[in-house]
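Notes follow the structure.
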Amino acid sequence: MKKKYGEKVQRLALNAGFTCPNRENGKPGCFFCDETGSGFTTFAGKSIKEQVQLMKERYRRKGIKKFIAYFQNYTNTYAPLEILEQIYIQALDEDIVQLDIATRPDCINEATLELLKKISVRYGVTISLDVGLQTANYHTLVKINRGHTLADYINAVLMIKRFGFEIVSHVILNLPGDNMLDVIESAKILSALGVDGVKIHSLYVVEGSVFGEMYKKNQIQICSLETYVDRVVRFLEHLSPRITIHRLVADPPSIGTLFGNWGKSKSEIVNMIENKMKTEDTYQGKRARFI
Ligand code: SF4
């Protein structure tokens, strides 16, 4: 961000009140998702303009002057085009340098991308799309009720690339049922497709999710912390060195978490990952075939 914008940039997580095709009409959603739509915005219920202003004030006190408006909760391309345009534009002012839009691969289409292109030109902002893959194991995608397939994800990435937007993908490296082969294949697919960034998550389990109910009944197995750390290191080794790492471990919510990060802090886990890489003298891209 410093290279791109010349200074520190703060991301503002916004809740635009969208829904998700995988949760509406009583659908259970992805099994790890609760009714917040996998987001932690602070000022939900307020208008987008108000949310932006309130958060900017908070960070201005720390000397930050440039911001990214991040539409985080639910599926932020899932509405008629005119509504999308109204909402995105509300977030823009002279301090916003980038719009980050989290969505699902099956909710991207050319009309939405045309709209985003128009906004990026008119307002001079960078557009980045957060598109969840979670895992390249298409059997797991069905088992966790993602509601889209691996092919949907590949199609979405290729379409977004044609429009020239940045793409950040999310992966969860310890989904029940996945193994090291799935982790390595996920790294290879992201690299081959040329995504720009990746957010690596550890699965956490929250109240109100299907996994939450299964966890209470002892019906899901979550791998050990050591296995997670090992998977992150192998993932990084097989990932193109060109891809920016936005995170290495999840950030579970402070309320309603039934299982999160094996009781460790984020920094403890990041240290474990870094120490393992140092001990093994390895690095991102060491085994990457798709650079
Ligand atoms: S796509 Fe996102 S909002 Fe929709 S059910 Fe899955 S995690 Fe929740």
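No lab work stands behind these numbers, since they all come straight from the coordinates. None of these values were measured; they are calculated from a predicted model. Note: ideal-geometry Cβ built from the backbone for every residue, glycine included; neighbour counts use all protein chains shown.
Checking every one of the trypsin sites (Lys or Arg not before Pro) in segment 170-230 against DSSP loop status and a limit of 14 other Cβ atoms within 10 Å picks out LYS217.
Here the sum of -39500 (n - 2.57) over DSSP H runs of 4 or more residues, divided by the residues of the chain, equals -11500 deg cm²/dmol at 222 nm, to the nearest 500. Other residues whose C-beta falls under 15 angstrom from the C-beta of PHE43 contribute a net charge of +3, scoring Lys and Arg +1 and Asp and Glu -1.
Reported value for segment 33-187: 130 Å³ per residue, from the convex hull of its C-alpha atoms.
With the alpha-carbon atoms of segment 117-275 aligned to their principal axes, the span from lowest to highest coordinate is 50, 35, 31 Å, starting with the largest.
Kirkwood Rh over alpha-carbon pairs of segment 203-291, then Stokes-Einstein at 37 °C and 0.692 mPa s: what D in µm² s⁻¹, rounded to an integer? Don't skip to the answer; put the middle values down first.
Numbers: Rh = 14.5 Å.
Answer, rounded: 226 µm²/s.
GluC sites (Glu not before Pro), restricted to segment 72-138: which are DSSP loop and have at most 11 other Cβ atoms within 10 Å?
Numbers: sites: GLU82, GLU85, GLU94, GLU110, GLU114; in loops: GLU94.
Counting only loop positions with at most 11 other Cβ atoms within 10 Å, the GluC sites (Glu not before Pro) in segment 72-138 are GLU94.
The separation of segment 113-173 from segment 249-291, counted between C-alpha centres, amounts to 23 Å. Across THR135, THR103, THR36, mean-square fluctuation computed from a Gaussian network of the chain (C-alpha pairs under 10 Å connected) peaks at THR36. Taken one residue at a time, the phi angles of segment 45-52 give Karplus couplings (6.51, -1.76, 1.60, θ = phi - 60°) of x, 7, 5, 4, 4, 5, 4, 4 Hz. Gly and Pro are set to x. The calculated FRET efficiency for GLU114 paired with ILE83, based on their beta-carbon distance and R0 = 25 Å, is about 0.95.
For the chain, the longest principal axis of the C-alpha atoms and the axis of helix 180-193 are separated by about 30°. Overall, the ratio between the Cα radius of gyration of segment 142-227 and 2.2 N^0.38 Å, rounded to two decimals, is 1.24. Using the Stokes-Einstein relation with a Kirkwood hydrodynamic radius computed over Cα pairs, the translational diffusion coefficient of segment 2-279 at 37 °C and a viscosity of 0.692 mPa s comes to 169 µm²/s.
What shape does segment 15-87 have by the C-alpha gyration tensor, where a ≥ b ≥ c are the square roots of the eigenvalues, rounded means a/c under 1.5, and otherwise prolate means a/b greater than b/c and oblate the rest?
prolate
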